[in-house]
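> Following this message is one structure expressed as structure tokens.
The values are calculated or read from the model by the stated rules, or taken from the named source; none is laboratory data. Worth saying up front: this structure is predicted, and the values here are computed from it rather than measured. Cβ placement follows ideal geometry from the backbone for every residue including glycine, while neighbour counts extend to all protein chains displayed. Please note that ligands, DNA and RNA were not included when accessible areas were found on the heavy atoms of the full protein model with its side chains. Shrake-Rupley method; radii C 1.70, N 1.55, O 1.52, S 1.80 Å.
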Amino acid sequence: MQLEQRFSLPAAPDQAWAAFRDVPLLVACLPGATLTGSEADGAWPLRFDVKLGPIAAGFVGSGRASFDDAARAGRFDGSAADARTQSRVKGAASFRVEAQEEGSVVVVGIDYTLTGSLAQFSRVGIVRELANALTAQFAARLAKRDVFV
């Protein structure tokens, strides 16, 4: 499934781009996400807790970030599994920072595959609603960080 989200940040594009190169900062701003260790060989160990419909899951896995400084664009590829529901997710989030009249706009594209029992509840409407809520909360948390003051 593919989704696209956009949000504004109260910062110049170069300043916003610097924040997007900081993986621990981004994870700290994403509701339900936590780093479970330090980067090792380019991989970031992480956990993502989510509730989709009546089922809650705690996905444990890892991801790798790549960056194109000239384009102010990047990508995060990852995979994780939830032992309780026997569900797995594999996906990628691409992002780019663009200039706008006041600050920056961030465009995020998400492409993922969900398998296992949680996939039964991943109807497009529910997933889109969850993505909208997570993006709004992420953007609000990131905008409040002192990196933009």
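> Could you rank Ser62, Ser104 by how accessible they are, 1.4 Å probe, largest area first? Mind showing how you got there, number by number?
Details: Ser62 50, Ser104 0 Å².
Heavy-atom accessible area, descending, gives Ser62, Ser104.
> Can I ask one more? Under the definition of Cα pairs under 8 Å and six or more residues apart, what whole-number percent is the relative contact order of segment 12-132? Mind dumping the intermediate values first?
Numbers: 214 pairs, mean separation 22.5, N = 121.
Relative contact order, segment 12-132: 19 percent.
> Something else: Cα axis of helix 124-143 to longest principal axis of the chain: angle in degrees, 0 to 90, nearest 10?
On a 0 to 90 degree scale, this one is about 40.
> Still on this structure: Rounded, prolate or oblate: which fits segment 33-139 when a ≥ b ≥ c are the square roots of the eigenvalues of the alpha-carbon gyration tensor, with rounded for a/c under 1.5 and prolate only if a/b beats b/c? List each step's numbers first, then the result.
Numbers: a/c = 2.29, a/b = 1.38, b/c = 1.66.
Oblate.
> For the chain, with only Lys/Arg (+1) and Asp/Glu (-1) charged at the beta-carbon, what is the dipole magnitude about the Cα centre, in debye rounded to 20?
Once rounded to the nearest 20, the dipole reads 560 debye.
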